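Heads up, the thing below is written out as structure tokens.
Throughout, read-outs are computed from the coordinates displayed, never taken from laboratory work. Values in this document were obtained by computation on a predicted structure and should not be read as measured data. All Cβ positions, glycine included, derive from the backbone under ideal geometry; neighbour counts span all protein chains shown.
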Amino acid sequence: MMGPKQEAQAALFYEFSLEDHIPQDHLLRAIDRFVDLSTIRAHLTDFYSHTGRPSIDPELMIRMLLVGYCFGSRSERRLCEEVHLNLAYRWFCKLDLSDPIPDHSTFSKNRHGRFRDCDLFRHLFESVVAQCIAEGVVGGETFATDASIIQADANKQYSAPKADWETAQIDPAVVPRAVREYLETLDDAAFGAASQVTPKFTSFSDPASQWTGALKGPAFFAYSTNYLIDTDHAIILDVEATRAIRPAEVGATQTMLTRTRDRFDLFPDRLAADTAYGSGNMLGWLVDQDIEPHVPVIDKSDRKDGTFTNLEFRYDPATDEYTCPGGKPLKKYWRKMRTARTGVSKDGIKRYYASKTHSSTCALKERCTPNKDARVVSRHVHEAARDKAREIAKTDAYAAASRRRKKVEMLFAHLKKIMRLDRLRLRGPNGAKDAFLLAATAQNLRKLAKLRPMGPATT
């Protein structure tokens with residue numbers, strides 16, 4: 001016999017507890033232990049009016065955003081729908097079954113307003129980092145850094161060559177928010193001032209994004225997210241948004257190391273990074289900060305024609321001269337200068353020249369400089385730091401740091417594949433900063449939940 005048709009009926013009385021319907025091993029239960037938003041209200045007090053109707057609880061919005069980033073829900077409109085339907089999401093957001101869900105537009109209004117004015121997402125990120133330190137999962141001895149390119153919300157069809165952009169003729173009052181932010185970052189070391197090289201194209205919708213073909217495929221507009229991590233448990237200690245170019249990424253590392261020291265009193269003994277960070281200036285800065293550079297040196301002195309490399313010339317710091325394999329000196333100047341000169345070029349290079357007389361009669365000329373009258377050896381002003389990095393590269397500690405450095409790349413893979421942040425939905429430098437900070441916060445919370453699992457449920 002076919003059973004009766006099931007029809008929903010409104011109950012007059014019912015008893016329902018969200019707490020009873022959320023599995024004890026649910027990820028949000030583990031994360032909730034480390035979400036401390038007690039300082040949020042105090043941080044935002046000056047940015048709310050003391051009159052008028054009560055606004056949406058900022059803690060609720062932050063919890064909803066954390067849910068979205070933890071589970072890869074990139075659309076805030078979709079996020080509101082999922083929080084409305086998902087019991088676990090409601091429980092994490094401290095919502096009852098009958099509580100209304102904020103409209104998706106509320107997030108945009110607050111993000112572009114009070115949240116950004118008080119740098120709330122930076123405050124939230126640093127509070128989670130402080131919890132990681134308190135939980136003892138940050139060693140503080142070996143850090144690693146790297147950058148990853150994230151596609152911007154822009155396309156080539158709505159762009160123009162940089163030469164067509166006259167920033168002096170742009171009226172900030174009539175242009176979109178992303179363009180105003182672009183104008184504000186023209187002198188920022190992470191954006192406009194990072195390089196004097198003119199990009200091939202500039203986007204009308206997001207001009208601060210960089211036109212790049214770094215991924216060896218079709219070029220696109222992008223930003224770079226820069227991570228500084230502790231290699232013990234891959235905790236993200238700092239994150240910085242920049243243009244997708246090397247000078248900006250290298251500069252971001254210095255910014256993050258300094259900020260981590262100032263904020264948490266953490267300064268590593270060593271830093272692991274790839275070859276992109278092996279310039280003389282970067283290595284010199286690390287050595288000056290008493291940080292061992294576990295970084296491959298950018299070295300263009302190798303020769304493929306069998307002639308002597310620069311490393312085969314001995315440098316004497318006392319005389320500031322080189323000695324060639326044939327025992328002859330190389331000097332910056334062979335005549336006495338009336339005024340003292342440093343001999344350092346604009347790119348930080350000192351050049352040492354062999355005597356043409358010595359070179360012409362030298363038996364090793366064919367192995368030294370067969371095509372020129374005299375050999376020239378270049379030396380960076382931070383060559384001592386480069387030499388130190390070369391010596392470190394021969395140690396077992398360097399090999400271990402190189403292996404642990406891969407944890408940064410794993411975080412980027414997780415960011416793009418699991419959290420689905422392979423393309424930005426927010427425009428402008430501030431939009432990129434907000435997205436990267438929230439994503440890094442969610443990754444640290446997930447890591448804490450894994451490293452500090454919940455005990456057995458109590459009855």
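So, R0 is 45 Å and r is the distance between the beta-carbons of residue 75 and residue 141; what FRET efficiency does that work out to, to 0.05?
The value I calculate is 0.65.
Among all the aspartates and glutamates, which ones have a C-alpha under 15 Å from residue 433's C-alpha, if same-chain residues fewer than 8 places away are not counted?
Partners within reach: 117, 119, 126, 153, 181, 184, 188, 206, 238, 240, 249, 422.
Which one, 268, 88, 199, projects farthest toward the positive side of the charge dipole computed for the chain from Cβ point charges (K/R +1, D/E -1)?
199
Which of the aspartates and glutamates could a cross-linker span from residue 336 if the Cα-Cα distance has to be under 19 Å and same-chain partners fewer than 8 positions apart are dropped?
Hits, sequence-local ones excluded: 320, 321.
Given 0.36 nm per residue, what is the gain on full extension from residue 319 to residue 378 after removing their alpha carbon distance, in nm?
Working it through step by step, the gained length comes to 19.6 nm.
With a point put 7 Å past each Cα toward its Cβ, work out how far residue 189 is from residue 116 in nm, to one decimal.
Output for this residue pair reads 2.4 nm.
Tell me, what is the FRET efficiency for residue 19 and residue 265 to the nearest 0.05, using R0 = 30 angstrom and their Cβ-Cβ distance as r? Don't jump to the answer; show the numbers that get you there.
Details: r = 39 Å, r/R0 = 1.30.
So, using R0 = 30 Å, E works out to roughly 0.15.
Taking the Cα centre of the range 332-420 as the origin and placing charges on Cβ (Lys, Arg +1; Asp, Glu -1), which of 355, 412, 345 is farthest toward the positive end of the dipole?
412
Quick one: which residues, 5 or more positions from residue 139 or on another chain, have an amide H under 5 Å from its amide H? H modelled 1.01 Å from N in the peptide plane, none for Pro or chain starts.
HN-HN under 5 Å from residue 139: 232, 233.
Have a look at 45, 239, 211 and report the one farthest towards the positive end of the charge dipole of the chain, computed about the Cα centre with Cβ charges (Lys/Arg +1, Asp/Glu -1).
Ranked along the dipole, the leading option is 211.
Which value, in debye to the nearest 20, describes the size of the charge dipole of the range 18-118 about its Cα centre when Lys and Arg Cβ atoms bear +1, Asp and Glu Cβ atoms bear -1, and nothing else is charged?
On the way: 14 positive and 15 negative charges, 87 e Å.
For the range 18-118, the charge dipole is close to 420 debye.
With no solvent and one equal point scatterer placed on each C-alpha of the range 18-118, evaluate the Debye formula and give log10 I(q)/I(0) for q = 0.10, 0.14, 0.20, 0.24 Å⁻¹, two decimals.
Per q value, in the given order, log10 I(q)/I(0) is -0.29, -0.56, -1.11, -1.45.
What is the order of 388, 356, fewest Cβ neighbours within 10 Å to most?
Numbers: 388 18, 356 12.
Ranked by crowding around the Cβ, least crowded first: 356, 388.
What is the fewest-to-most order of 337, 454 by other Cβ atoms lying within 10 Å of their Cβ?
With the sparsest Cβ surroundings first, the list reads 337, 454.
Can you compute the helix-only [θ] at 222 nm over the chain? Use -39500 (n - 2.57) per DSSP H run of at least 4 residues, normalise by all residues, nearest 500 deg cm²/dmol.
Theoretical 222 nm ellipticity from helices: -11000 deg cm²/dmol.
Looking at the square roots a ≥ b ≥ c of the eigenvalues of the Cα gyration tensor of the range 270-384, which shape do they give, rounded for a/c under 1.5, prolate if a/b is larger than b/c, or oblate?
Taking the square roots of the gyration eigenvalues as a ≥ b ≥ c, the range 270-384 is oblate.
Could you calculate the FRET efficiency of residue 162 with residue 425 from 1/(1 + (r/R0)^6), where r is the beta carbon distance between them and R0 is 22 Å, rounded to 0.05?
0.30
Starting from the 7 Å offset along Cα-to-Cβ, what nm value, one decimal, do you get for the label separation of residue 309 and residue 169?
5.2
Counting other C-beta atoms within 10 Å, which of 87, 426 has the fewest, and how do the rest follow? It would help to have the intermediate numbers written out before the result.
Values: 87 14, 426 19.
Lowest count first: 87, 426.
Along the range 72-81, what does the Karplus equation 6.51 cos²θ - 1.76 cosθ + 1.60 (θ = phi - 60°) give for ³J(HN,Hα), rounded to whole Hz, x for Gly and Pro?
Rounded to whole hertz, the list is x, 8, 7, 9, 6, 5, 5, 4, 4, 5.
Going Cα to Cα from residue 200, which aspartates and glutamates come in below 17 Å? Please leave out same-chain ones fewer than 8 positions away.
Cα-Cα hits under 17 Å: 164, 166.
Dipole magnitude of the chain about its Cα centre, charges +1 at Lys/Arg Cβ and -1 at Asp/Glu Cβ only, in debye to the nearest 20?
2360
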